[in-house]
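The values are calculated or read from the model by the stated rules, or taken from the named source; none is laboratory data. None of the values given here were measured: they were computed from a predicted structure. Don't worry about glycine lacking a Cβ; one is built from the backbone with ideal geometry, like all the others, and counts go over all protein chains shown. SASA here: full protein model, heavy atoms, side chains in, ligands and nucleic acids out. Shrake-Rupley method; radii C 1.70, N 1.55, O 1.52, S 1.80 Å.
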Amino acid sequence: MRLTVFWRNMHEQFGEAYAESLAKDYVIEGLGSRTVQQALADGVGAKDVWRAVCDAFDLPRSVR
């Protein structure tokens, strides 16, 4: 998954402002207790980060 697709998904699911805030501030256990931004900066793939976001927020299967 490309980062552009990842961010499009984030914005579609959470809205642009909340997606940015969530990525910066929300620690996700499935990302090794890191934020989305930290995980991406550490080299975790966008697809793996998206899956962790989906799990953390119990997003519907149709968007996974």
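Quick test for you: out of A46, A56, A39, pick the one residue that is touching a Gly at 6+ places or on another chain (Cβ under 9 Å), touching a residue at least 24 places away in the same chain (Cβ under 8 Å) and of a type in the set (A, V, I, L, M, F, W, C).
Within the list A46, A56, A39, the selection yields A56.
Of the conditions (1) touching a strand residue (DSSP E or B) at 6+ places or on another chain (Cβ under 7 Å); (2) open to solvent by less than 70 Å² (accessible area, probe 1.4 Å); (3) over 19 Å from T4 (Cβ atoms), A52 fails just one. Which one is it?
Status for A52: all satisfied but (3).
Being of a type in the set (D, E, K, R) and under 10 Å from the mean Cα position of the chain (by Cα) narrows it down to one residue among D48, D58; which is it?
The conditions single out D48.
Name the residue, out of A46, A41, that is small (G, A, S) and open to solvent by less than 50 Å² (accessible area, probe 1.4 Å).
A46
Can you name the condition, by its number, that D58 falls short on among (1) part of a helix (DSSP H, G or I); (2) open to solvent by 90 Å² or more (accessible area, probe 1.4 Å)?
Failed condition: (1).
Look at V27 and say whether it is of a type in the set (V, I, T), surrounded by 12 or more Cβ atoms within 10 Å (Cβ to Cβ) and touching a residue at least 24 places away in the same chain (Cβ under 8 Å).
Criteria not met by V27.
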